[in-house]
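First the structure, in the form of structure tokens, and then the observations on it.
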Amino acid sequence: MALVLSSLLGFAHTGTIHTIDAFPIAITTNKTTNLIFPYEIQSVDRGSREVLVQKAKGVENILQLKAAKEDMKETNLTVITTDGKLYSFLLNYNPNPVALNYSFGKRDISEVAFSSEKNNESILTKYSEIAFGKKKRLKGIKDKGHGIKLRLSGLYVKDNVMYYRFHIENNSDIRYDIDQLRFFVRDRKKAKRTTYQELEVEPLYTYKDTDKVEGQSEQTLVVALPKRTMPNQKYLAVQLMEENGGRHLELKIKNSKLIRATVL
């Protein structure tokens with residue numbers, strides 16, 4: 001304790017400590033709250049999984065928030081933008097938030113920073129078709145349960161876009177109704193601290209999109225995502241969720257696999 005006190009007293013003579021007040025924001029389950037920043041978002045750290053967070057599709061400076069459930073407890077959110085600025089927020093649940101759009105900084109509220117990965121749909125379709133038709137098959141990245149199997153069968157890259165080819169098999173007699181296919185960047189190991197880092201990645205395009213896989217059948221689709229590599233302590237999670245069911249599957253794609261994507 002004496003050493004800590006001495007260090008603090010020493011710092012008092014050489015520098016100044018500035019606190020950053022957390023900005024209060026109310027969020028709800030059935031409406032999206034938009035945070036508009038003057039620069040591109042570099043990192044997001046949410047204090048609880050009860051907060052759903054994603055970047056707006058094709059845009060790098062707009063963060064979208066929702067509450068995962070109505071009894072969400074108070075938590076915090078930290079955002080760092082590419083200009084090095086840190087934004088701190090205190091999030092609470094409110095069924096009817098007074099405001100849904102917040103703009104921070106000097107840019108006009110209507111000004112957005114479009115992602116360099118925002119591509120013409122015809123180009124995305126072209127290379128998705130090429131990725132779909134490739135005969136080479138990846139091995140090792142799969143999950144299965146209750147007669148359903150999800151497998152990453154191909155991984156390709158062209159310019160600023162990566163194309164993920166997924167194969168879904170339904171070996172049961174019950175139709176598999178797809179609720180959602182979502183992508184997240186997550187920590188490989190949970191840290192001892194209380195915060196949990198997760199960022200949803202919004203697809204740019206989906207080729208051969210489907211909402212169901214009939215019993216005793218299979219489907220292949222290609223999802224285009226922004227080109228991405230990541231530190232070894234993180235991975236890309238792929239969630240396949242069944243509508244009104246419990247046959248949920250998840251793939252974990254490590255950076256070692258991402259960097260070996262085949263160039264189209």
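The values are calculated or read from the model by the stated rules, or taken from the named source; none is laboratory data. None of the values given here were measured: they were computed from a predicted structure. Here Cβ is always computed from backbone atoms with ideal geometry, including for glycine, and neighbour counts include all displayed protein chains.
Here are the numbers for the structure shown:
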{"item": "Residue match in region 96-108 (condition: within 30 Å of Val157 (Cβ to Cβ), surrounded by fewer than 18 Cβ atoms within 10 Å (Cβ to Cβ) and at pLDDT 80 or above)", "result": "no"}
{"item": "All strands (runs of 3 or more DSSP E) inside region 121-215 with 1 or more residues being in the same structural domain as Arg247 (by TED's automatic domain parsing) and farther than 27 Å from Arg46 by Cα", "result": "142-145, 148-158, 161-170, 176-187, 205-207"}
{"item": "Residue list for region 216-239, filter: in a strand (DSSP E or B), of a type in the set (A, V, I, L, M) and either in contact with a helix residue (DSSP H, G or I) (Cβ under 7 Å, 6 or more places away or on another chain) or closer than 24 Å to Glu121 by Cβ (or both)", "result": "Leu221, Val222, Val223, Ala224, Leu225, Leu236, Val238"}
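Residues checked against (1) surrounded by 14 or more Cβ atoms within 10 Å (Cβ to Cβ); (2) farther than 21 Å from Gln54 by Cα:
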residue	(1), (2)
Ser153	yes, yes
Phe166	yes, yes
Arg186	yes, no
Tyr207	yes, yes
Pro231	no, no
Leu236	yes, no
Lys257	yes, yes
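Here is a yes/no grid of residues against (1) more than 14 Å from the chain's Cα centre (by Cα); (2) of a type in the set (D, E, K, R):
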{"position": "Asn171", "(1), (2)": "yes, no"}
{"position": "Phe183", "(1), (2)": "no, no"}
{"position": "Asp211", "(1), (2)": "yes, yes"}
{"position": "Thr229", "(1), (2)": "no, no"}
{"position": "Asn255", "(1), (2)": "yes, no"}
